[in-house]
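The values are calculated or read from the model by the stated rules, or taken from the named source; none is laboratory data. Just so it is clear, the model here is predicted, and its values are computed rather than measured. When we count neighbours, we look across all protein chains shown, and the Cβ atoms used for this are built from the backbone with ideal geometry, even at glycine. We work out accessible area using only protein heavy atoms, side chains counted, and drop any ligands, DNA or RNA first. Shrake-Rupley method; radii C 1.70, N 1.55, O 1.52, S 1.80 Å.
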Amino acid sequence: MSKTERWATFDCYGTLIDWNGGLRSALGSDELLDRYHELEPRVQAEDPTSSYREVMTEVARRLDVDDPVALARSLPAWQPFPEVHAALDEARAQGWKLAILSNTDRDFIDASMQTIGVPFELSIVASEIGSYKPGRAHWDRFFLQTGAATDQHVHVAQSHFHDIVPARSLGLTTVWVNRYGERAEPAPTRELQDLSRLPETLDELVPA
């Protein structure tokens, strides 16, 4: 692929798909949602080769959920944030190529991309590379497969821990979609409340 192509990579869940909304609905309470967020990184770190379905099921088991398997079963039905389709569609119209770097499984991400309804050139999932973010393997695989130039690339994500920190450590341009008004270091290249202004932000960061 040409190194002059402009690429925007995205985390999916929490950035494009309403991750907290889906988890909260499946788990039934904010308390369990908070505990889920605490446990998930630990379970991923214990065995990075586990599928994400296995991770979700193990976290649900530790939370004493009545049917631990039901949590993963619910994921393909989780919905995108309302501004996502239009923002991605406009970015594509402006010449951006889109890719997803996700801590999930192939069937999950395929279902979510279909729900989003905007084409992606590429998707890289944890279960196929044996690594979970904040490890760097997603970016290594992305650059290997695309030949993208780092100065023509922007990574967009909601999770500061999983995405912004490792992307900044790699010297990449980042957009933090800070939907919950968090404060964290290191600072991203840009910060947005949602994706409504994403197309113009991408063009400002990497002009055509």
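Of the residues making up the stretch 1-30, those that are without any contact (Cβ under 8 Å) to a residue 24 or more places away in the chain, under 17 Å from Tyr180 (Cβ atoms) and open to solvent by 40 Å² or more (accessible area, probe 1.4 Å) are Arg24, Asp30.
The sole residue among Ser169, Ser102 that is of a type in the set (S, T, N, Q) and crowded, with 17+ Cβ neighbours inside 10 Å is Ser102.
Among the residues of the stretch 47-93, just one is part of a loop (DSSP other than H, G, I, E, B), open to solvent by less than 20 Å² (accessible area, probe 1.4 Å) and aromatic (Phe, Trp, Tyr), namely Trp78. Being in a loop (DSSP other than H, G, I, E, B) and of a type outside the set (Phe, Trp, Tyr) is not true of Ala167. Of the numbered criteria (1) part of a helix (DSSP H, G or I); (2) within 17 Å of the chain's Cα centre (by Cα); (3) surrounded by 15 or more Cβ atoms within 10 Å (Cβ to Cβ), the one Asp110 fails is (3).
Every residue, every condition in (1) in contact with a Phe, Trp or Tyr (Cβ under 9 Å, 6 or more places away or on another chain); (2) over 23 Å from Phe81 (Cβ atoms), yes or no:
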position: Arg141; (1), (2): no, yes
position: Gly147; (1), (2): no, yes
position: Thr150; (1), (2): yes, yes
position: Glu191; (1), (2): yes, no
position: Leu195; (1), (2): yes, no
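Selection of the stretch 113-133 for residues being more than 19 Å from Glu5 (Cβ to Cβ) and either of a type in the set (A, V, I, L, M) or assigned to a helix (DSSP H, G or I) (or both) yields Met113, Gln114, Thr115, Ile116, Val125, Ala126, Ser127, Glu128, Ile129. Exactly one residue among Ser196, Ser123 is crowded, with 17+ Cβ neighbours inside 10 Å, at pLDDT 95 or above and among the hydroxyl-bearing types (Ser, Thr, Tyr), and that residue is Ser123.
In this structure, Glu182 does not qualify as out of contact with any strand residue (DSSP E or B) (no Cβ under 8 Å at 6 or more places or on another chain) and assigned to a helix (DSSP H, G or I).
Whether a residue is over 17 Å from Ala157 (Cα atoms) and either under 18 Å from the mean Cα position of the chain (by Cα) or buried (at least 18 other Cβ atoms within 10 Å of the Cβ) (or both) was assessed, and Gln44 passes this test. Restricting attention to the stretch 86-117, the residues being out of contact with any strand residue (DSSP E or B) (no Cβ under 7 Å at 6 or more places or on another chain) and of a type in the set (Gly, Ala, Ser) number 6.
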